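The values are calculated or read from the model by the stated rules, or taken from the named source; none is laboratory data. Treat the numbers as computed from the prediction; the structure is a model and nothing was measured. Here Cβ is always computed from backbone atoms with ideal geometry, including for glycine, and neighbour counts include all displayed protein chains.
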Amino acid sequence: MEAILSPEPEPATTTDAGNVSGHHSTEAPAVGTQSGADVDEEMLSEEVDMLSSYVGSSAPSHAQSPASLPGSEFPYSLQSNGGIDSTTRDGDTTQLSRTDEATRDSGVADPAPAQEGDPSLSQYGFSVGPTRAAPGMPQQLPTFLIPFHGSLTKVPTNGQCAYAALYATMTSTTETELTFTTEVVKSANVMKRSVYTLMMANLANDVECNVVDPCRELRQLYPTQPAPTDPAVATAALYTHYTQERTRTVNSQIPAAFWAGPEVLRAMAQYLREPLFLLDVDQQNDTHVQRYYYRDYTLPNGDIHETGCGGAMDDATAKTMLAHYARLHVLPVFMVLKRHEGHFYGVHHGDIAIRWHAEGDLDFTQANCRSHSWYEEVTAHIDYSQGLLAQVDYLSDDDATNTILIGAMERRARLDVIHDRLHLDTLDRDPYDIAILKSGLGAEEERIHTLAGTGRYDAHLEPVHTSGGLHGSDKRSRISPQGYVVMSTLQRILNAINMDPELVSDRSKFRHLKAENATAITGWLSQDHSSMRKPQFKGASADFLPLMRWLTTHRAEMQSLLNYVPYPEIVAKMLPSELLLTWGEMEVYDLQVATIRSVIQREDASAAAKEYCRTWLAACTTAEGADRDRTLAKDPTRWKRLIGLYAAAPDCACPLDVREECWYVLHTLPHVVWAWKTTPWGGLPRSQLGAIFKAHPAVQLVCHRIVTDDAWGFTVQLPTGMTWDARMDAMAVGLAAPRRH
């Protein structure tokens, strides 16, 4: 499903009031989606793009007029003869399923400021409670759309319809369907990127004031993997997920777990600088309203933090609020969620979108609306009302007062009047400077990782190859059509006992994958220009182990090969346990020696720490990594003493409660997991592997299953933020996994 929403938001801590979790849809993945990587060049561009003012199948006949939004522009399409369609609606006759419960009204009274440990405050920033339906028949979708001449705008079903629906709502007036043209994709990407920039800038404070539960969010995003239990670690992992999602283009397919949820809708409202109304429609076309907005929270240190909040409203309050919008000619920002489809729709309003925006805004009207039939009427109304504004009481909700306010106040000012009449807080209208927020994301990421205990200390372990060829390249060997595999099949192969899959079809695919790797190994050997003499490899099974044993003693070459073959997990699966552990032990030794050596070069290390490391280094490198060397290098008491002398040094000793076999396997994973770089910890240096293992249960699980069951299938389930199709597309063109940071 493209929306992970529920009529009742799930609290960060369970209460008797109710439970609001994101519901998951059954929407099938779209076919024929864009091939290649999820991230396009436009999303990575530093340029501040302007959003297109036109979406649809036919161009508008008159110049477009922009309506400003923070970080970009969302102009309206101007139609010289755009009729007001109040009868034909895409969703009016659709059969939908009934929703029985919603949270308490989020529009009548804002919740009290979040306090640490407040059990009544849900993760989504509002209290939960039962639905209070309006008297009489359930409210149907047209009830909410007709006062605003609203009709549905269909958007593509690729898992990212929330962003497309908002873009359609903000840019279309008469178009019934949005298509992903180059310009539309580019403009929608700007909007999505801005929303995620805001989410990333807010995240740490959202967690601190109990608006976001990062552990719960990670469980929803990666349901097959155990989430970190430490909120600081989970925050860092969630921030990394947002980093990747921010650059994912809106026309790429995404897995169901990544579909938009309340956390995205809250940020959309904060980005728009006004409330966002979600019309939540069930199979009988019964509709409930969710309202997302933003407000100030008080952090534990006393600082004020603005972030998004909101949720489900009761039906009566929703009708009352939207009636106020209609009477003052304030067009709400609507999105429609058809719950049984798990799909968002935009809403277009015809010519009324332009007229209501023009009312009260003479500059906009004169600059953009001269071709409209109502131009003279609106300008006359503005001229008439301006002189009477000082004589009216804004809070008087009568026709005469409303007529004057419509003509004398711009739309956003009229929205403030609605909030005053409903005794709601007036929302800050000043837009965010997205460029400024973006400039601080790198420093924020570093701060979050430091708090999580996975800082950036780097022992500079990456091997430096000077021999040319493929070493150090970001390219991998391309796979042939026979090299494609679905995720579940690869998991079964990697979990098979004695490399003998139970299914005959899996055995055939296993042969294909081994052949892909053999072709890559042959190519790697032929393009290597180093002077080292390697064992012969002609693709036969008998050639594999001698080469692997040789590579175990030449680990830079081993890493280079594993960075080139398309299925490094298969290579690891084929290694005998004793050879795998021998290699892993030597990787640990290399890491420890490199870390000791790096401390000597650190300017901030004390003279005592440097001298201690010089002595230690000399003692553990006398026999090129023999048993005595490895024993001295891994001595936990020496690592403890080093940290006492230099607190920034990582602890590279195996923890007492971790099996050595798991420790050795851990140090092979950065080389044998194809998508390691795209995991939440993939951007961290290998000197942080100990901290990664301690912080992430998913990594612990992988190591444990490999050691106990030789089950490598869990390596392809690690949280990566990358779709399986994206991996296959990258492998088809010989690309390595992109770095997540």
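Here are the numbers:
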{"item": "Of all residues in the range 413-446 being more than 20 Å from the chain's Cα centre (by Cα) and aliphatic (A, V, I, L, M), the one that is surrounded by the fewest Cβ atoms within 10 Å (Cβ to Cβ)", "result": "Ile436"}
{"item": "Boolean, Lys514 is in a loop (DSSP other than H, G, I, E, B), charged (D, E, K, R) and either touching a Phe, Trp or Tyr at 6+ places or on another chain (Cβ under 7 Å) or more than 21 Å from Gly625 (Cα to Cα) (or both)", "result": "no"}
{"item": "Among (1) under 30 Å from Glu245 (Cα atoms); (2) surrounded by fewer than 22 Cβ atoms within 10 Å (Cβ to Cβ); (3) without any contact (Cβ under 8 Å) to a residue 60 or more places away in the chain, the one test that Gly625 misses", "result": "(1)"}
{"item": "Test set (1) buried (at least 23 other Cβ atoms within 10 Å of the Cβ); (2) closer than 23 Å to Glu217 by Cα - Pro255 fails condition number", "result": "(1)"}
{"item": "Unmet criterion (only one of (1) free of Cβ contacts under 8 Å to residues at least 40 places away in the same chain; (2) surrounded by fewer than 24 Cβ atoms within 10 Å (Cβ to Cβ)) for Pro214", "result": "(2)"}
{"item": "Residues of the range 349-405 satisfying the condition of being part of a loop (DSSP other than H, G, I, E, B) and among the charged types (D, E, K, R)", "result": "Asp351, Glu359, Asp361, Arg370, Asp393, Asp397, Asp398"}
{"item": "Tabulated pairs, the range 353-372, first without any contact (Cβ under 8 Å) to a residue 60 or more places away in the chain and assigned by TED's automatic domain parsing to the domain that holds Thr403, second of a type in the set (Ser, Thr, Tyr) and surrounded by fewer than 21 Cβ atoms within 10 Å (Cβ to Cβ), C-beta under 8 angstrom, 6+ apart or interchain", "result": "Gly360/Ser385; Leu362/Thr379; Thr365/Tyr375; Thr365/Thr379; Gln366/Thr379"}
{"item": "Failed item, numbered, when Glu306 is tested on (1) more than 22 Å from the chain's Cα centre (by Cα); (2) at pLDDT 95 or above; (3) charged (D, E, K, R); (4) surrounded by fewer than 23 Cβ atoms within 10 Å (Cβ to Cβ)", "result": "(1)"}
{"item": "Any hit, the range 564-579, residues being closer than 24 Å to Asp500 by Cα and free of Cβ contacts under 8 Å to residues at least 12 places away in the same chain", "result": "yes"}
{"item": "So Leu689, is it assigned to a helix (DSSP H, G or I), assigned by TED's automatic domain parsing to the domain that holds Asn563 and crowded, with 22+ Cβ neighbours inside 10 Å", "result": "yes"}
{"item": "Qualifying positions in the range 191-235 - of a type in the set (Lys, Arg) and either in a loop (DSSP other than H, G, I, E, B) or within 12 Å of the chain's Cα centre (by Cα) (or both)", "result": "Lys192, Arg193"}
{"item": "Among (1) surrounded by 15 or more Cβ atoms within 10 Å (Cβ to Cβ); (2) touching a helix residue (DSSP H, G or I) at 6+ places or on another chain (Cβ under 8 Å) - the single one Gly350 does not satisfy", "result": "(2)"}
{"item": "Options Trp583, Trp524, Trp550: the member that is of a type outside the set (Val, Ile, Thr) and closer than 21 Å to Arg686 by Cα", "result": "Trp583"}
{"item": "Subset of the range 562-609 that is assigned to a helix (DSSP H, G or I) and among the acidic types (Asp, Glu) - its residue that is farthest from Ala653 (Cα to Cα)", "result": "Glu569"}
{"item": "Some residue of the range 236-251 being of a type in the set (Gly, Ala, Ser), outside any helix (DSSP H, G or I) and in contact with a helix residue (DSSP H, G or I) (Cβ under 9 Å, 6 or more places away or on another chain)", "result": "no"}
{"item": "Selection status of Ala691, within 26 Å of the chain's Cα centre (by Cα), touching a residue at least 12 places away in the same chain (Cβ under 8 Å) and closer than 24 Å to Arg602 by Cβ", "result": "yes"}
{"item": "Residue in the range 603-622 that is nearest to the chain's Cα centre (by Cα), counting only those that are touching a residue at least 40 places away in the same chain (Cβ under 8 Å) and buried (at least 16 other Cβ atoms within 10 Å of the Cβ)", "result": "Ala605"}
{"item": "Candidate set from the range 222-241 (those that are surrounded by 21 or more Cβ atoms within 10 Å (Cβ to Cβ) and of a type in the set (Ser, Thr, Tyr)); member that is nearest to Leu718 (Cα to Cα)", "result": "Tyr222"}
{"item": "Some residue of the range 659-681 being outside the structural domain of Cys215 (by TED's automatic domain parsing), small (Gly, Ala, Ser) and part of a helix (DSSP H, G or I)", "result": "no"}
{"item": "Unique residue being more than 21 Å from Ala736 (Cβ to Cβ) and surrounded by 19 or more Cβ atoms within 10 Å (Cβ to Cβ) when the list is Val565, Val571, Val588", "result": "Val588"}
{"item": "Residue that is farthest from Ala162 (Cα to Cα), among those in the range 257-286 that are out of contact with any His (no Cβ under 8 Å at 6 or more places or on another chain) and charged (D, E, K, R)", "result": "Asp286"}
